[in-house]
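The values are calculated or read from the model by the stated rules, or taken from the named source; none is laboratory data. Not measured: the values here are computed from a predicted model. So basically every Cβ, Gly included, is an ideal-geometry build from the backbone, and we count neighbours across all protein chains shown. Quick note on the areas: whole protein, heavy atoms, side chains included, nothing else; ligands and nucleic acids left out. Shrake-Rupley method; radii C 1.70, N 1.55, O 1.52, S 1.80 Å.
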Amino acid sequence: MSVQSNLAQAILSSWLSGATGASGTGFSSLKKKKVKYSRATCPDLQCGAILYFPTHELSVECSGCGQRHSIISLSDRQEVKEEEHFQRSLSEMKLLYGGKKTPELVKVKGISNYQCKLLSSLLTTYGKDKNDKARLLKDLGLDEVFDCSKLGGRVFAIEPNLLDTAGYGQDKSGSLKYLSDTLDQLAKANGNKRCLVPVHADGDGLCLVHAVSRCLVGRELFWHALRVNMQTHLKTHGDKYISMLKDFLSEEEWPEIVEEAGPDYQPPDGQPLGLRTVHIFALANVLHRPIILLDNL
């Protein structure tokens, strides 16, 4: 099992046993805007999975087949009552420890993608001591928030035998076809060897940080810490960004850009959840390394 999986499992065990209470995580102090949820059926007749998604989103990725569908294409969508959403969350937690395995729940090296996303906010402020017990980073003599620049020198290479693993391996939402010309050119430049493969990253509006986390450590464990680091960086260096990018954004936009970077940001009704180009620049500076975006030719 990898170092990241060991750390995640240690924190998960301590958290579930009560070693890290809700007050420690800061969840109880968050005052989030209430988000409405909807449900619909995946339009792929071979899948038919039930989809749950924030009502304001423009598209949703199916956790069953991995395809992304526009919300307007889902003919049977309807708003979810609060109690139904709560029951659905309970059912998902039960599935973590048995039952039918969806791609979200398939474990690789001891941990599933769903668990990674749940644990991410804990890894922002928790580590483990010499006895493998979860401890606040500040109690370990470290910064209060995990410093993502420590991940800047890491690189993830997926094992060939895991490429077909649902929810972890090669992406199944259409990117392989979309990027085929680009991937062919990269293969030619590397002696006709496939050195680059598009892998799965959740497309839930946080896809940028999910993808960056996967590129660094192979899992989506650090999406939350990346957002917190990015927001802090933008707050600290706002004047420099505004000066350099004055032809592309105004000073009046900056507070909104900083707010959008946060892990708990919810867009106004009807607007998609996502990040801007300036956020990619900020992430690159947080990690002290370039971020390269590939498109089709």
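A few comments on the model shown:
- Some residue of segment 107-130 being touching a Gly at 6+ places or on another chain (Cβ under 7 Å) and either at pLDDT below 90 or part of a loop (DSSP other than H, G, I, E, B) (or both): yes
- For segment 206-249, filtering for residues that are buried (at least 22 other Cβ atoms within 10 Å of the Cβ), out of contact with any helix residue (DSSP H, G or I) (no Cβ under 6 Å at 6 or more places or on another chain) and among the small types (G, A, S) leaves 1.
- Taking the listed residues Q271, Q266, Q185, the one that is farther than 30 Å from V60 by Cβ, open to solvent by 60 Å² or more (accessible area, probe 1.4 Å) and touching a residue at least 24 places away in the same chain (Cβ under 8 Å) is Q185, with no other qualifying.
- Candidates G98, G153: the one that is modelled with pLDDT under 90 and in a loop (DSSP other than H, G, I, E, B) is G98.
- Subset of segment 34-63 (residues that are touching a strand residue (DSSP E or B) at 6+ places or on another chain (Cβ under 7 Å), of a type in the set (S, T, N, Q) and over 14 Å from Q78 (Cα atoms)): S59
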